[in-house]
Every structure is written in structure tokens, then in C-alpha cells.
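Contents: one structure, followed by commentary.
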Amino acid sequence: MLLNFAFLIGLIQSTPPDLAELKSQFMQEPAELAERYYQHTNLPANTGSAQFYQLTLRAAIVSNQPKLANDISVKLSQPLWQPIIDNHKAKIISNMGVLMRINGHYQDAIFAYRCALDLNQNDPHFRFHTLLNLQSAMVHLKQHDKAKQILEEAKLLATDEQQRLRVKINVANNLLDNNQLYQARDLFKELYRDLSLANETETAARIGLNLLNTEVLLGDFAQFWRYQNSVRQTIFAVPNNNHHYYYHFVIMRALVNMLEAPNEVHLQRLAYAIEHGDFLFEHGQQQSMQQYVDMVNVRWLSEHFANQVARYNRIRPQKHVPKDLLNEHCLIDDTKSK
């Protein structure tokens, strides 16, 4: 007897796809993986289904698809998933905070992270990572004193060397953003050494770039040249997708050449590098590039960069992130939400 077609579709939907295959796709095509959620919206509440939905949710966040992430999160917020996913409401709200931070809604992100901390069910690991996310959003709003307090709390929760390094990295970045350049430089040097010795190659590359950036802002070009070759070699050792690290390095090197020996050739090389570097905005480097343009202080370059930023903002505007879950699960404090 032939199966009813609707029943057959339901049977197919009741089986989550192979997770090993999906994890491989997550690394290569997160946007497409996230969309696969809509092919399997009616899976039964079990461990395999929960893993599938959580993976598609991560993919939706990485590929910045707020509506899709919200759809998955609304499903996972239902009570039937609570016995399967530990600390599930806190994790869902924190994920929405990540999306808000990615899209520049920093005050909303802070509210989401604070709500997630309130919903947290005594999970110190979750609290540690959520505190670091909260601190990052505060730095974007120049709330440096509050960010410092959050880092002190996170430091007390750190239980291994990896977590202690995470705190030190955030402390250094907070110092840099707060223009405490000498303290930031000292900490970046220490971190770059320790991460390089620990073979944490990609993190070492990011910290090395921050160190070079700090030397540029300090105008200490001798120290820039002292470290630049080591940082370049570290970038080359990053196994995948190192092009944005290297391009940031290229821009800084062109800038230092221009500042040390101002001439038309160096200026044109820097302008060319900046003109073709707006993909670095996706990696959080817009503020750094603005600082570099300001340091050169050439009118036509400043105007070109302003147009470049405006064009990018038209093409890639901040996305709206739904607040349904925050409105449902978080207590609204009017004094903080305005």
C-alpha cells in the first residue's frame, strides 16, 4: 500500500539531517545551512533535533540572519525543549544579544545580556562568556568604567588558562579603545608572546595586529618595524581565511611608510589600499581605518573615505533584530531601555 504523501513528508521531516555533514557545511556555507531549518521545522523534541536546531541557530547568527535566528529561537524557547537543552532560555536570549551587537544595537545587546545573566541557572561557564559579551557591547558605547568592572567579575570566574587569556585580551582591547595606549601596548606584547608560544596562531595574529596598531597610534614606528615581520609570519601561519588579517597589515605598513617619508608615491599606495579595503568593515576595522585617514590629514583622502563609508552603509545597513523573546522573557526597566 502506498504511503500517504503528506505522511511521507512528515516522516522525512521527523528525521534530522546528518550532524557530521551539517558541521562541515557550517564551516563552509553557514547561510545555506541556516536556511535548512525551514526544511525541518517539525522535528520531534529529542537530543538529535535539538542539536540540529542549535546548529542552524549558530549558522543564522554567524551569517547575520536575524529573522531566521528569531524563528529558530522562538521554537527552542517552548517548554518542551527545556529538559533537552540545558539553561535553554538564558542561551536563547544571549544569542539574540549577539545578533544585536553584530548589528550595532549595543544598548539592546546590553539589555539582552543582562537578562540572560538573570535567567542563567547557576552555570559559571555561561556566565563567564556572557560577561565578556556584555563587556564588549559596553566598550562600543564607551562605557569603559562599567566594562572594567565586568572584566573584574569575569576574571574571578576564569577557571583555566584559556579563560584567563580571554580576560586579558578583553582588558587590553578595553585599554586600547579608552586611549590608554601605553598600558595597552605592554599587555599586547605580553599576550602576543604567550599566544605565539602556545601555538594559538590565529589569536596571536589578531593580537599582533592590535600591537602594531597601538604602535602606529603612539607614533613609535621603530617598534612597529621591530614587530612587523614576526606578525606577518604569524598571519601567514593562520591555516584558513587569513586575507583580512594580511590586508589590515598591508594598510598599516603603507600608513607608516607615508608618515615616515611623506611623498606622492606613498600617499597613492595608501589611498589605493584603503580604497580597496572596505571589506575590512565586516571585520570591525572601520574605526581603525578612520584613525589612519585622520593621521594622514589629506583632504581628498578624507573625502574619499567618507564616501566609501557612506556607500557601505547604504549597501549593508544595520539589520533589525526582533525583540519578541526579550519582551516575553525579560523584565523591562524603563530607565535602562531608553
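A simple spin-label model places the labels of ARG193 and TRP225 2.3 nm from each other, with each point 7 Å out along Cα-to-Cβ.
In terms of distances greater than 32 angstrom between alpha carbons, the cross-link table entries LYS142/LYS319; LYS67/LYS142; LYS67/LYS168 yield LYS67/LYS168.
Taken over the stretch 232-277, the convex hull of the Cα atoms encloses 57 Å³ per residue. When you restrict to C-alpha pairs under 8 Å that are six or more residues apart and normalise by the size of the chain, the relative contact order lands at 11 percent. Only one residue of ALA116, LEU191, VAL250 has its Cα farthest out toward the positive end of the dipole of the chain, where Lys and Arg carry +1 and Asp and Glu -1 on Cβ, and that residue is ALA116. A straight Cα-to-Cα reach below 14 Å connects LYS323 with the aspartates and glutamates ASP71, ASP108, residues fewer than 8 places away in its own chain not being considered. Each other residue within a Cβ distance under 14 Å of VAL238 adds +1 if Lys or Arg and -1 if Asp or Glu, for a net charge of 0. In the stretch 73-120, Rg over Rh equals 1.02, where Rg is the alpha-carbon radius of gyration and Rh the Kirkwood radius from pairwise Cα distances.
Placing unit charges on the Cβ atoms only, positive for Lys and Arg and negative for Asp and Glu, gives the chain a dipole magnitude near 260 debye about its Cα centre. With Cα atoms defining each centre, the stretch 131-171 and the stretch 246-288 are spaced 30 Å apart in the structure.
Between ASP324 and ASN240, the C-beta separation translates, for a Förster distance of 56 Å, into a calculated FRET efficiency of about 0.95.
Sequence-distant contacts, meaning Cα pairs under 8 Å at least 6 residues apart, place the relative contact order of the stretch 25-107 at 28 percent.
Summed over all non-identical Cα pairs, the Kirkwood treatment of the stretch 248-338 gives a radius of 15.5 Å. Counting every alpha-carbon pair across the chain, the share separated by more than 39 Å comes to 22%. Per residue, the chain reaches -23500 deg cm²/dmol at 222 nm when only DSSP H runs of four or more residues are counted, each adding -39500 (n - 2.57). Modelled spin-label separation between GLU152 and SER302, with each label point placed 7 Å from Cα along the Cα-to-Cβ direction: 3.9 nm. The distance between label points at LEU80 and GLU264 comes to 7.3 nm (points 7 Å beyond Cα on the Cα→Cβ vector).
Read-outs: derived from the displayed coordinates by stated rules, not from any lab. Being a predicted model, the structure only gives us computed values, none of them experimental. Reconstructed Cβ throughout: ideal geometry from the backbone, glycine too, with neighbour counts over all protein chains shown.
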